[in-house]
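Notes follow once the structure below has been shown.
What follows is calculated from the coordinates using simple rules that are stated; it is not laboratory data. Everything quoted here is computed from the prediction, not taken from an experiment.
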Amino acid sequence: MCPITHESRLAILLAVVASFIFGAIWYGPLFGKTWAGLMGFKTVK
């Protein structure tokens with residue numbers, strides 16, 4: 001039997017969007033080159 005939950009779809013959607021934006025900033029302009037270098041990827045200079 002499944003438990004009854006009352007999740008807010010708006011809250012879930014906002015959390016997903018916030019996570020996407022945070023990840024894009026974190027792995028982009030903040031630490032993108034450092035992360036790529038540590039992972040062994042070649043970066044474009």
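Listed values for the stretch 21-29 are Karplus-derived 3J(HN,Hα) couplings in whole Hz (6.51 cos²θ - 1.76 cosθ + 1.60, θ = phi - 60°), namely 5, 4, x, 5, 6, 4, 8, x, x, and x replaces Gly and Pro. Applying the Karplus relation 6.51 cos²θ - 1.76 cosθ + 1.60 with θ = phi - 60° to the stretch 15-20 yields 3J(HN,Hα) values of 5, 5, 5, 5, 5, 5 Hz, where x marks Gly and Pro. Between H6 and I21, the contour length at 0.36 nm per residue exceeds the alpha carbon distance by 2.8 nm.
When the helix-only estimate is applied to the chain (DSSP H runs of n ≥ 4, each -39,500 (n - 2.57), divided by the residue count), what is the mean residue ellipticity at 222 nm, nearest 500 deg cm²/dmol?
On the way: 2 runs with 25 residues, N = 45.
Theoretical 222 nm ellipticity from helices: -17500 deg cm²/dmol.
Residues in the stretch 3-11 carry Karplus couplings, in order, of x, 7, 10, 10, 7, 8, 5, 5, 5 Hz; the curve used is 6.51 cos²θ - 1.76 cosθ + 1.60 with θ = phi - 60°, and Gly or Pro positions show x.
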